Each structure stands twice: as C-alpha cells, then as structure tokens.
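The values are calculated or read from the model by the stated rules, or taken from the named source; none is laboratory data. Since we're looking at a predicted model, the values are computed, not measured. In this analysis, Cβ positions are derived from the backbone assuming ideal geometry, glycine residues included, and neighbour counts consider all displayed protein chains. To get the accessible areas, we keep the full protein, side chains included, count just its heavy atoms, and leave off ligands, DNA and RNA. Shrake-Rupley method; radii C 1.70, N 1.55, O 1.52, S 1.80 Å.
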Amino acid sequence: VQLVESGGGLVQAGDSLRLSCAASLRTFSHYAMGWFRQAPGKEREIVAAISWSGSNAYYSDSVKGRFTISRDSAKTTVYPQVNTLKPEDTAVYFCEAQDYPGVMVVAGEYDYWGQGTQVTVSA
C-alpha cells in the first residue's frame with residue numbers, strides 16, 4: 001500500500017490550496033481516509049476524515065468551514081480543499097488509510113500513511 005501526498009507549498013495567509021493523496025489501493029472504496037497534520041514540536045492532530053462511501057466527513061474545529069474533503073474512487077485519490085489558510089495551519093500534512101466503513105479520527109487507528117506534504121503559510 002502506498003499513499004502519496006502532494007499539493008503543499010509556501011502560501012500567504014488567506015490563500016487556498018488543494019492537497020491530494022493518491023492511494024495505491026485495489027479496494028480504495030473500502031478504505032476510510034483521513035488527513036492529519038503535525039507542526040514542529042507538536043503532536044499529530046486530525047484535520048479531516050471521510051468514510052469509504054464519501055457520505056460522511058469529519059472536520060476538526062480548527063479547520064471547520066475552511067477545509068472540504070472529497071474522494072474520487074476512479075482516481076483512488078482524496079482531495080482536501082483548504083481555504084483561507086492561516087499561519088497556524090503551517091505543518092506537514094499526512095494522508096492515512098484504513099479498511100473501515102466509517103469515519104476515523106484517531107491517527108493511531110490507521111494502518112497506512114504517506115510521507116506527508118509541507119504546507120507553510122506566511123502572515
């Protein structure tokens with residue numbers, strides 16, 4: 001299983017980014033997907049998660065209203081659209097996957113994760 005994140009970069013506060021997570025999962029539609037982030041000196045935290053059907057999603061309070069997560073089964077890819085970025089959103093963003101139908105919000109419960117993509121937001 002391979003998860004490859006992309007789309008990060010250096011942006012200014014207020015800008016938007018569309019992150020991507022390409023998953024090499026033959027049964028992608030059977031996997032719950034989650035996005036986490038980790039800032040220097042801080043623990044990894046949940047950002048958003050989506051069920052395997054795409055019908056249920058979760059957003060942390062820190063990003064609710066600014067992030068939208070979606071998935072494309074044909075492309076086996078998950079896309080968090082991140083808007084109105086703030087300097088406190090600066091972190092490495094990780095994609096994670098787990099064979100589970102619902103929404104999973106705990107990093108330790110996922111079996112697979114990628115290498116991450118850096119998002120840096122300047123004030």
The stretch 25-109, relative contact order [Cα under 8 Å, separation at least 6], %: 41
Exposed trypsin sites (Lys or Arg not before Pro) absent: longest stretch of the chain, with sites in DSSP loops and at most 15 other Cβ within 10 Å deemed exposed: 76-123
Loop-resident sites, the stretch 5-59, for GluC sites (Glu not before Pro), counting at most 12 other Cβ within 10 Å (DSSP): Glu43
Relative contact order, percent, the stretch 62-117 [alpha-carbon distance under 8 Å, six or more residues apart]: 26
Per-residue SASA entry for Asp99, accessible area with 1.4 Å probe, Å² rounded to 10: 90
Label-point gap, in nm, between Ala22 and Glu45 - each point 7 angstrom along Cα→Cβ: 3.1
Fraction of accessible area attributable to carbon and sulfur, the chain (%, probe 1.4 Å): 48
Rough spin-label spacing in nm, given labels placed 7 Å along Cα→Cβ, for Ala74 and Ala13: 4.0
The chain - accessible surface per residue (Å², probe 1.4 Å): 51
Aspartates and glutamates whose Cα lies under 16 Å from that of Lys42, excluding same-chain neighbours fewer than 8 positions away: Glu88, Asp89
Note, ³J(HN,Hα) from phi for the stretch 81-89, Karplus 6.51, -1.76, 1.60, rounded to Hz, x at Gly and Pro: 8, 10, 10, 6, 5, 10, x, 6, 7
